[in-house]
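The values are calculated or read from the model by the stated rules, or taken from the named source; none is laboratory data. Keep in mind the model is a prediction, meaning the values are calculated, not measured. Here the Cβ positions follow ideal geometry from the backbone for every residue, glycine too, while neighbour counts run over all protein chains shown. These area figures cover heavy atoms from the full protein model, side chains too; ligands, DNA and RNA do not enter into them. Shrake-Rupley method; radii C 1.70, N 1.55, O 1.52, S 1.80 Å.
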Amino acid sequence: MADAARSQITQGALNAIFNDPDRLQRDFPVPVCQCVQVKTLASTTEGQPERYRLVLSDVSNFVQSMLATQANHVVHDGKLKKGCFVRLKSYQANAVKGKKILIILDIEVIESLGEMEKIGEPVALTDKEIEEDVKPANTTIAGDGFYGNKVHQQPAAQDRPLPSRGAPTSSSSHATIYPIEGLSPYAHKWTIKARVSHKSDIRTWHKPNSEGKLFSVNLLDESGEIKATGFNEQCDQFYELFQEGSVYYISNPCRVQLAKKQFSNLPNDYELTFERDTVVEKCEDATEVPQVRYNFTNIGALQEIEKDSTIDIIGVLKDVAEVTQIVSKTTQKPFDKRELTLVDDSGYSVRLTIWGKTATAFDASPEAIVAFKGTKVGDFGGRSLSLLSSGSMAIDPDIPEAHKLKGWYDSQGRMDSFASHSNMAGAGAAGGQKDPLKTVAQVKEEQLGMSLENPDYFSTKSTIVHIKQETFSYPACLSEGCNKKVTDMGDGTWRCEKCDINHPRPEHRYIMQLNVNDHTGQLWLSCFDDVGRLVMGMTADQLMELKENDTAAMETAFEEANCKTFTFKIRAKTDSFQDQQRVRYQVIGANPINFTVEAHKLADLIKLYNID
């Protein structure tokens with residue numbers, strides 16, 4: 001068996017990938033290697049896909065490799081294991097500060113060969129020195145090069161002109177096509193070929209010490225998606241050039257930096273900032289670049305997604321409401337809206353709101369499959385969704401997830417009934433599922449929330465004994481669905497940078513710290529506006545008015561909130577504060593005690609101790 005496996009391996013392929021591209025195309029159209037190590041890398045950003053580092057061997061040499069997230073399924077399906085054998089169907093060779101790294105875009109495990117101990121004694125690639133300004137030849141091989149078909153490669157950057165809207169750069173002649181997945185602050189002299197999947201409007205900011213404008217685009221290729229932003233001069237330089245749906249070559253100088261996750265929902269740890277000499281060229285050959293890239297969340301899993309998160313969703317259209325209008329609290333202008341109901345094979349349904357022209361032009365019929373990219377998670381009715389202005393919608397898309405849902409619905413889903421996510425502020429349990437009821441002592445003994453990877457969810461029945469009065473709310477934007485903090489401009493107006501609007505006043509929203517006790521101990525809990533209203537019995541605006549005009553009445557309101565008992569639904573997660581790790585207990589739902597139900601529970605508990 002070992003001899004059979006050894007004969008399958010294409011010895012010399014790894015050296016050819018990095019040092020001999022002519023021989024690579026001639027002798028190794030689809031390299032076969034042994035995977036001698038698989039390691040999970042911790043994500044630097046919560047909620048982002050796992051990353052996997054591999055060590056691949058062709059018996060003669062070994063090389064460090066990174067699995068693109070689009071290929072993670074081979075690990076999740078239990079196929080890619082230490083000692084197995086693989087075909088490299090699509091990959092990108094990189095050299096970062098002299099270190100050779102292979103990014104795997106598409107990989108096939110040869111299951112018939114099984115797994116075995118490392119074959120031979122492979123050594124690290126001998127350094128055929130790569131000059132600082134010369135990168136490995138482009139080796140991104142498309143899937144249609146498999147089994148001897150003609151190999152189609154991206155045109156080498158040096159074989160095509162790269163006209164620039166900025167000043168031309170000498171580095172363009174040495175640029176090489178990089179996958180977006182491979183970009184990092186350590187990559188130099190690169191070019192990406194990417195489709196603009198979203199283009200924002202030009203936004204402006206006005207602060208006491210600065211003002212300016214910016215726009216952003218989301219760039220997509222077969223390996224991933226990344227956000228790119230242009231400020232001020234680059235906004236003027238590139239805004240009209242970039243058009244949604246078109247494909248472009250983009251070459252550095254272009255800054256690669258850690259992504260600001262509060263402004264982006266893309267699953268990428270990095271983002272780009274255009275510079276004066278960034279090279280941009282429209283590409284007419286767009287056949288190999290995907291149109292859109294989804295990262296779907298199951299409808300049933302919405303109960304675990306935090307409010308205000310941005311997700312992609314796909315479902316069967318169960319119901320379409322008529323177009324209605326709401327009036328903006330700030331501009332007094334009407335907005336068109338339409339509510340859709342989606343279901344999927346999780347057994348849950350969710351209401352999704354679309355707006356404006358998207359709402360009035362919507363013409364899909366019930367039972368169509370609809371995919372949404374960029375929806376905001378709300379907590380109205382437990383869990384709801386709203387399509388963002390930067391989001392998009394596709395009806396009956398030709399993707400595997402849509403075909404799977406269609407098959408499920410036609411075979412059984414049409415006859416199923418679906419649960420909705422219950423109101424989390426009033427029910428204490430998301431989606432009808434009960435989180436385990438814990439005492440405070442059990443929470444601490446079981447170290448809930450101490451994991452650095454995933455949050456813990458639980459419920460606890462506790463009594464409020466103290467509420468911090470120093471800071472109980474923040475001034476929020478009046479725009480529908482925004483809720484961002486606004487800044488007092490000192491001229492009687494309050495500015496929201498996100499909406500680019502000055503409001504005559506803010507809407508105060510609760511952000512409270514509660515100290516709660518049960519018979520085993522005490523916890524500090526954080527809660528937001530919905531739970532704050534439930535605890536205080538009034539809005540944050542009303543409480544702020546008492547603070548400004550009637551301090552005694554405000555203190556009375558806090559006293560009346562004390563000694564109230566609730567069943568709190570809590571999300572526990574470790575975070576960092578002033579370079580120290582701590583567990584934060586975030587209330588995501590609260591339910592006043594139903595004394596009739598509670599009495600029956602206690603009676604049932606007492607019966608367990610009865611002795612016949």
Next on the checklist: Of everything in region 276-291, what is part of a loop (DSSP other than H, G, I, E, B), modelled with pLDDT of 80 or more, open to solvent by 40 Å² or more (accessible area, probe 1.4 Å) and within 17 Å of residue 199 (Cβ to Cβ)? Give them in sequence order.
Outcome noted: none
Item to check | Meets criteria (surrounded by fewer than 22 Cβ atoms within 10 Å (Cβ to Cβ), touching a Ser or Thr at 6+ places or on another chain (Cβ under 8 Å) and within 22 Å of residue 291 (Cβ to Cβ)) for residue 211 | outcome: no
Checklist outcome for this item: Here the residues within region 233-275 that are farther than 20 Å from residue 200 by Cα and surrounded by 20 or more Cβ atoms within 10 Å (Cβ to Cβ) are 251, 252
Checklist outcome for this item: Scanning region 470-488 for residues that are open to solvent by less than 80 Å² (accessible area, probe 1.4 Å) and at pLDDT below 90, the one farthest from residue 309 (Cα to Cα) turns out to be 478
Checklist entry - Within region 519-533, restricting attention to residues that are surrounded by fewer than 20 Cβ atoms within 10 Å (Cβ to Cβ) and not aromatic (Phe, Trp, Tyr), which residue is nearest to residue 575 (Cα to Cα)? => result 526
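Each row is one residue, and each column tells you yes or no for (1) more than 34 Å from the chain's Cα centre (by Cα); (2) of a type outside the set (D, E, K, R).
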{"position": "461", "(1), (2)": "no, no"}
{"position": "464", "(1), (2)": "yes, yes"}
{"position": "473", "(1), (2)": "no, yes"}
{"position": "479", "(1), (2)": "no, yes"}
{"position": "484", "(1), (2)": "no, no"}
{"position": "492", "(1), (2)": "yes, yes"}
{"position": "496", "(1), (2)": "no, yes"}
{"position": "499", "(1), (2)": "no, yes"}
{"position": "503", "(1), (2)": "no, yes"}
Next on the checklist: Just to be sure I understand, how many residues within region 500-518 are in contact with a Cys (Cβ under 9 Å, 6 or more places away or on another chain) and surrounded by fewer than 17 Cβ atoms within 10 Å (Cβ to Cβ)?
Outcome noted: 2
Checklist entry - Do the conditions hold for residue 581, that is, is it open to solvent by less than 50 Å² (accessible area, probe 1.4 Å), touching a strand residue (DSSP E or B) at 6+ places or on another chain (Cβ under 6 Å) and not hydroxyl-bearing (Ser, Thr, Tyr)? => result no
Checklist outcome for this item: Here the residues within region 218-245 that are in contact with a Pro (Cβ under 9 Å, 6 or more places away or on another chain) and part of a loop (DSSP other than H, G, I, E, B) are 221, 222, 223, 224
